[in-house]
Amino acid sequence: MNRLINKTAVFVGGGSSVGSVALKSYLEEGANVVLVDIDEKYFERTRELREQYGPGRVATFIGACTNQADMDAAMKFAVDTFGKIDVLINLAGFHGSGHAEDIVEEQWNLAMDVTCSGAYRGIMAVLPYMKAQKSGHIVNFTSLGGRGNRGVAVSYAAWKAGCTGMTKAFAMALAPYGISVTAFAPGTLDTKQFERIPEKGSVPFKMPPGGFPGMPGFKGPALYNGQSVIKDRPIATLEEIAGALVYLGSDESSYLTGDCVDMNGGILMQT
Amino acid sequence: MRFEDRTVCVAASGSDAGIACALNYLAEGAKVVLYYDEPERVASLENDRLKLVRIQDFKDAAELISTGEEIAREYEKIDVCVAAITRPDSDKGIDMSEEEYQEMLKTISSGTLFFIQPLLKNMMDHDYGRVAIVMSLAGRINLPGVSPAYAAANASLGGIVRNIGSTAGVHFVTANAVAVGPLSDGSYQAGTGDVQGIIKGHEVGTPEDVAKACEYLTSELASWTTGEILDLNGGRFMI
Amino acid sequence: MQKLANRTAVFIGGGSAVATVALRHFMKEGANVLLVDVKDEYFERSLPERQQYPDRIKTMVASCTVPEEMAQAMAYAKEVFGKIDILCYYSGFHGMGNIMTVPETQWNIALEVNCFGFYNAVRAVYPYMKENQYGRIMNFASIGGRANRGVAITYATSKAGTIGLTRALAMALAKDGITINSMAPASLDTSEFERIAEKDSVPMKRPPMPPPGAGGPGGPGATRGGSFIPDRPIADLNEIAHVIVFMCSDDSAFLTGDCLDINGGQYMQP
Amino acid sequence: MRFENKKVVIASSGGSIGLRTAGLMAEEGACVALVSLPPEGKVSAQLTDEVACENIVSYTVSDFASEEEMEALSKKILEKIGTVDVIVTALIDKAPEGEWNEISDEDAHKTVRNILTGAETVLKFFLPPMIEKESGHVVIVTSVAGRTNVPGTPWPEALAYAGLGGVIRNGATVFGKNSVTFNGVAVGPVEGMDQPAYITENVSGIWGRKATGDDVANAVMYLSDDLSCWNTGEIVDLNGGFFAL
């Protein structure tokens, strides 16, 4: 239980359900964690866990990934608190609502600013520290929505794909400094254990015109199912996601870089 | 004449690929509307079935949407929509300023989406449509020397194609992409590495290659190909 | 303007339903075609076309698994039409079973026909294409080798293998101006033609198409992908012929080693 | 101990991947049956001094693709370890160098047999216990040469490694209903492996170093961890940034 002994991790968007469960796994594996999010109410989800481990192991910071100064401040806070940063996980994302034929520019720009530029700003902020120590792991939390044929909002599909693409460019650019950059694209997550907090500036999602295959009301052939191929397992549990993030953040995956690791129950098997 | 009674809208910026597509569709008998923002690229074009539309700024969604709605009213039925909007990749890489970063994403990604949006609405209204997007290989595979902004912008085009394919398919609209390596006119660079093709006598892609690939993806018989990315790079990267 | 004007093509497995419809398109585009298959019975499908174009379509019985017969076929095409520009490989073998139940014979036949047969054809046609420093080669793979489909293990493995083989040969032959691509369509509508069982195939107890979500040979998500295009769960053969014409014409001069997916959106490679 | 009393079968044609996977898994509490080609004393000797732990039992087999041999061996192994939780195959072979159309049919068939048919035969005889208890992980170590174009790849190897991708996806799809996951690791150059020249020279990752047996073993352990039972049909590209999709 020491795969992340005396490592320090920063979770941008750490208040999300994924961040909350990944926090538990990272603490159990011996890491110090800094959660960064835009509102105190996100951190309620991990109150007892944070109290149990105390300020020596986990800290929180209010900062928005849409603002470079906030990100710089967050990283400085992490280094001041725990002395270094070994792992950065960009969990912040924004779905946006609407499809290619009717999405409004404001929703599109928000998704761009949070999902793609948010990860960009997080990486730029952590770079000086990781370059100095000549090592580090950066994980961009993208999604199956950006990788395969999913009926999600066009802003979500485009900018999660954009973030995955950006991961590859960062991987090639940062390898000389010994920094590995990977993307992690899970399918649908089981977040029932947390009460949902709507994303800031979000508008309720509406189904695509003519419905979507596999859903009631779809006007196309009823043959599409596109679900998990594993019995009784339509979606991922957060513990499984946390297990993957531990592998991607630990030195076990130090040779892996630029790749996008999928976890989607076989819905999309990249060939 | 394979595009006899078809109306094609092409957006060309930063490359001759869009111009070659427009010329190819004209040769195949189509009525073509060509959006451009670089007058010198379209100076020599002259055809009664061609309508040139000057765009001040591909980052301006409002301008693209209003222009698109106007074109849709004028031609009533849009059949094919090809976006070939690119910007040269800066050699600053990760030292790119926030403004340059926003300029790259807003031009390539937002420009492409809001060029397509009003035309896609028209296509979905009359249950026929073909969308083709020309993107750089740098958005698809890891290449040395590519700036993250350029990779993100081009990769988001792949996301747009797959999303339109998944959601507009129910209205018989297909969306595909052509991922190109560097072209002979210097556009669509893909990093600093050796990304030339391996076919003897045809190592560098030309805008005409892109035009032929777009013609294939947007013809009437390509009605069951959707969400696909055609790797047009002369055998440098096979996936 | 015809895309294949005075080009010569050799169709290995030319008696298949896909090849017969592609033959119509090749005639419209101005090509000459030699149909090669293992039994004369297959050629009845293209009888109308052969009667209409007696001098532009020839047939020959030869097997893709025998290198000598492939060499004879190519020599015959050269003799009749004077040159060879295009090779289309339609031969395929489904086989049966999953990893635990697959008989070794079926596994070997699938590899022999889908993979080594393609290699035999390419090796046989190479001298004629090298002569003109021009060549277009199409390998008919399948979505079964490319994505999550509950097909027979023999089919999935050999089709995935032949896509990898296509990449290796594309690298080797690019120096002679020859492009090779594979294509991976999903299910096809071959109802126009009466089905002829594949040579040496064991009748596979093909389960009736289970409704979506029901447990078929694969898991719930695996049985049938289904397309996003309404009333079109499977492909029309003219659409497949359209892809083949593109891959065999000058339009795809800069495309090699690629695998084209034609599946109505069931599988979108990231 | 991540692999506490897990039963692991590793089929390796020799070299550091099979060895280090066996070693690391044994350290995490697994009971490992390491099957490899005639060692000429190489594999087992390395094994005993490197990892002196009794959890690893070494077997040898002359041809992974021979059904008789694998059936007999699987009976012998299953008698000893009772059931199987994880199967790992890491089979490689070298096709002869030379021009693409000068590779003899016999050599080509031999390469495909050793890599592709061998892995399928191993799975054929070690899957049944997993299917019965409806849980288990299969990890197939394949090569980047099967995923994309690596200059200089002999076509039989490209065919075989790409075929392994088909085995992974089809196995994952068909046996998903038995909650068995199939995944793969596509490796580039690896320390301590007898690899062909086109891999060691043409697959230049950006780290400037080869992967170690431990890197691959860690990826295999991630894919066969109990926390990865919703991860199937996935191929991790562990080649140091040469090819990443």
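Translational diffusion coefficient of the range B:1-100 (Stokes-Einstein, Kirkwood radius from Cα pairs, 10 °C, 1.306 mPa s): 109 µm²/s. When every Cα-Cα distance of the range A:8-263 is counted in 10 angstrom steps from zero, the calculated P(r) takes the values 7, 31, 37, 18, 6, 1 percent.
Taken one residue at a time, the phi angles of the range A:228-242 give Karplus couplings (6.51, -1.76, 1.60, θ = phi - 60°) of 5, 8, 9, 4, 6, 10, x, 9, 8, 8, 5, 5, 5, 5, 4 Hz. Gly and Pro are set to x.
How big, on average over all directions, is the shadow cast by the Cα convex hull of the range C:8-262, in nm²?
With the hull built on Cα positions only, its mean projection is 13.3 nm².
Overall size of the protein assembly as shown from C-alpha positions, given as principal axis extents largest first: 85, 73, 50 Å. Report, please, the projected area of the range C:4-149 averaged over directions, based on the convex hull of its C-alpha atoms, in nm². With the hull built on Cα positions only, its mean projection is 9.3 nm².
When ranked by the protection proxy of mean other Cβ atoms within 10 Å per residue, highest first, what sequence do the peptides B:35-44, D:3-12, D:178-187 form? Before the final figure, lay out each step's value.
Values: B:35-44: 15.0, D:3-12: 22.0, D:178-187: 25.9.
Most protected by this proxy first, the peptides run D:178-187, D:3-12, B:35-44.
Distance between the modelled labels on A:Ile197 and D:Lys133, one decimal in nanometres: 4.2 nm (7 Å Cα→Cβ projection). Our helix-only sum for chain D, with -39,500 (n - 2.57) per DSSP H run of n ≥ 4 divided by its residues, gives a mean residue ellipticity at 222 nm of -11500 deg cm²/dmol. The angle separating the long axis of helix D:155-174 from the principal Cα axis of greatest extent in chain D is about 30 degrees.
The string of couplings for the range D:130-147 from the Karplus curve (6.51, -1.76, 1.60, θ = phi - 60°) is 5, 5, 4, 8, 6, 6, x, 10, 10, 10, 10, 7, 10, 10, 4, 5, x, 9 Hz, one whole number per residue in order, with x for Gly and Pro. Report, as a whole number in µm² per second, the diffusion coefficient that Stokes-Einstein gives for chain D at 25 °C and 0.890 mPa s using the Kirkwood radius over alpha carbon pairs. Rounded to a whole number, D works out at 137 µm²/s. Rounded to the nearest 20 debye, the dipole magnitude of the protein assembly as shown is 1020 debye, with +1 charges on Lys and Arg beta carbons, -1 on Asp and Glu beta carbons, and the Cα centre as origin. Scanning chain C for trypsin sites (Lys or Arg not before Pro) in DSSP loops with at most 12 neighbouring Cβ atoms within 10 Å leaves C:40-194 as the longest stretch between them. Take every pair of alpha-carbon atoms less than 8 Å apart whose residues are at least six positions apart; their mean separation over the length of the range B:62-167 yields a relative contact order of 36 percent.
Can you show me the helix-derived [θ] at 222 nm for chain A, built from DSSP H runs with n ≥ 4 at -39,500 (n - 2.57) apiece and divided by the number of residues, rounded to the nearest 500. Walk me through the intermediate numbers first.
On the way: 8 runs with 95 residues, N = 271.
Roughly -11000 deg cm²/dmol at 222 nm, from the helical runs in chain A.
Dividing the alpha-carbon radius of gyration of chain B by the rule-of-thumb value 2.2 N^0.38 Å gives 0.94. Rounded to the nearest angstrom and listed largest first, the equivalent-ellipsoid semi-axes of the range D:50-109 from its Cα gyration tensor are 33, 16, 10.
Restricting things to alpha carbons, find the Rg to Rh ratio for the range D:92-181 using the Kirkwood radius for Rh.
Details: Rg = 15.0 Å, Rh = 14.1 Å.
My calculation puts Rg/Rh at 1.06.
Taking only complete DSSP H runs, can you tell me which helices of chain C stretch 15 Å or more along their own long axis by Cα positions and average at least 0.5 on the Kyte-Doolittle scale?
Length and hydropathy pass: C:17-28, C:153-173, C:237-248.
Mean per-residue shielding of peptide D:212-219 is 4, counting Cβ atoms of other chains within 10 Å of each Cβ. Ellipsoid fit via the Cα gyration tensor, the range D:129-226: semi-axes of 28, 16, 9 Å, each the root of five times an eigenvalue, largest first.
Averaged across B:215-223, how many Cβ atoms of other chains sit within 10 Å of each residue's Cβ atom?
Values: counts 2, 10, 1, 0, 3, 3, 10, 5, 8.
Counting other chains' Cβ atoms within 10 Å and averaging over B:215-223 gives 5.
Relative to the longest principal axis of the Cα atoms of chain A, the long axis of helix A:117-133 makes an angle of roughly 30 degrees. How large is the helix-only mean residue ellipticity at 222 nm for chain C, computed as the sum of -39500 (n - 2.57) over DSSP H runs with n ≥ 4, divided by its residue count, in deg cm²/dmol to the nearest 500? Computed ellipticity for chain C at 222 nm equals -10500 deg cm²/dmol.
No value in this document is a laboratory result; all are computed from the given coordinates. These numbers come from a predicted model, not from an experiment. Glycine gets a Cβ as well: all are built from the backbone with ideal geometry, and neighbour counts include every protein chain shown.
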